[in-house]
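Taking it in order: structure first as structure tokens, then the write-up.
The values are calculated or read from the model by the stated rules, or taken from the named source; none is laboratory data. Values in this document were obtained by computation on a predicted structure and should not be read as measured data. Please note: Cβ atoms are built from the backbone with ideal geometry, for glycine as well, and neighbour counts cover all protein chains shown. In case anyone asks, the SASA skips ligands and DNA or RNA and just uses the protein heavy atoms, side chains included. Shrake-Rupley method; radii C 1.70, N 1.55, O 1.52, S 1.80 Å.
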Amino acid sequence: GGVAGLAAALSAAEAGAQVILCDENAQMGGALRFEGEAKLDGLEGYDWAQQAVDRLSVMDNVRVLSRTTAFGYYAQNFVGLVERVTDHLAAPDPDLPRERLWQVRAKRVIIAAGAIERHMVFPNNDRPGIMLASAARTYLNHHGVAVGRKVGVYTANDSAYAAAIDLRKAGAEIPAIVDLRDNPDSVLVEEAKSLGIRVLTGHAVTGAGGKLRVASMSVEPRKGGHTEVIPVDALIMSAGWTPSVHMYSQSRGKVVWDEQSGRFLPGEYPQDAVSIGACNGTDGLDATVTEAVAAGEKAAKDARAKAKKSGVKIKVGKHH
């Protein structure tokens with residue numbers, strides 16, 4: 001249900017394939033819920049996602065299943081789905097089940113499971129008020145809630161910078177971005193500095209203070225030196241992103257190590273499947289959409305659906 005899955009579903013459906021789109025969340029959109037800079041077809045990313053779902057929902061050859069988890073990938077492209085039908089309702093229809101089990105035998109499975117943000121490791125990193133950078137962006141950009149007034153940032157990649165920038169523009173104070181890397185160089189790093197955010201490169205958070213919630217972070221140079229205690233009322237972190245290869249692995253696929261990106265990615269496919277987007281190690285909105293549309297068209301063609309090109313074109317705008 002993220003940008004990759006939606007683009008692939010649109011592409012396959014427009015080419016005539018029978019499509020099931022499932023996502024475990026109540027609403028589709030994936031990372032577009034918090035990627036405020038994403039633009040597609042001239043729309044804000046999340047608005048585009050909702051329009052895409054609306055388009056898919058009225059197609060006779062598409063079944064859209066939200067609150068539905070793909071929990072198993074078995075032999076001969078057999079996929080198990082569990083749909084939560086009424087668990088979320090205060091007064092459910094007594095004639096409806098709580099959950100529904102779907103047993104799907106697909107000609108092709110397109111896996112668009114995204115990636116999982118990793119947390120940083122330091123003493124007391126489970127204090128209330130300490131969370132992943134993507135969680136802080138979701139609170140802010142999707143729900144309109146700032147996780148704190150004075151937010152510390154600890155990172156080893158650029159994702160946390162985007163969260164810090166969003167929070168700073170929303171009025172929160174960012175006392176410091178603590179970056180393990182010695183020389184991070186990107187547009188996001190420069191933008192954070194231009195907003196007056198203090199960036200401590202080659203530094204590490206060595207502890208978090210506080211009792212009922214986080215109250216400070218202890219910071220020192222990674223190679224040793226003076227420890228600085230910085231007061232905060234929230235601390236967000238990001239150690240990078242791990243492709244979600246679980247469904248691929250359940251299909252009996254074997255992951256391979258990609259030396260350039262430093263992560264495990266899908267290798268050969270023992271069944272008729274393909275991974276797209278972040279779970280395939282594809283970075284960037286433009287590359288993800290291009291890959292997804294091609295995967296949807298190929299799936300429809302290979303499934304011997306209507307032999308016509310989908311014509312789906314998604315224009316990608318400004319994004320990080």
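A few points about this structure:
- Among the residues of the stretch 182-197, those that are touching a strand residue (DSSP E or B) at 6+ places or on another chain (Cβ under 7 Å) and open to solvent by 30 Å² or more (accessible area, probe 1.4 Å) comprise ASP182, ASN183, LYS193.
- So GLU83, is it more than 17 Å from GLY1 (Cα to Cα), modelled with pLDDT of 95 or more and acidic (Asp, Glu): no
- Given (1) open to solvent by 60 Å² or more (accessible area, probe 1.4 Å); (2) out of contact with any strand residue (DSSP E or B) (no Cβ under 6 Å at 6 or more places or on another chain); (3) hydrophobic (A, V, I, L, M, F, W, C), number of the condition TRP241 does not satisfy: (2)
- Among the conditions (1) of a type in the set (Asp, Glu); (2) open to solvent by 60 Å² or more (accessible area, probe 1.4 Å); (3) modelled with pLDDT of 95 or more, ASP179 misses just one, which is (2).
- Of all residues in the stretch 130-145, those that are among the polar types (S, T, N, Q) have Cβ atoms under 8 Å from Cβ atoms of residues that are open to solvent by 20 Å² or more (accessible area, probe 1.4 Å) and at pLDDT 95 or above, 6 or more apart or on another chain, in ASN141/ASP166.
- VAL104 being among the aliphatic types (A, V, I, L, M), assigned to a loop (DSSP other than H, G, I, E, B) and in contact with a strand residue (DSSP E or B) (Cβ under 6 Å, 6 or more places away or on another chain): no
- Note on the stretch 119-141: residues that are closer than 16 Å to ALA172 by Cβ, surrounded by fewer than 20 Cβ atoms within 10 Å (Cβ to Cβ) and touching a Phe, Trp or Tyr at 6+ places or on another chain (Cβ under 8 Å) amount to 1.
- The condition of being open to solvent by less than 20 Å² (accessible area, probe 1.4 Å) and either modelled with pLDDT under 95 or in contact with a Lys or Arg (Cβ under 8 Å, 6 or more places away or on another chain) (or both) holds for ALA162.
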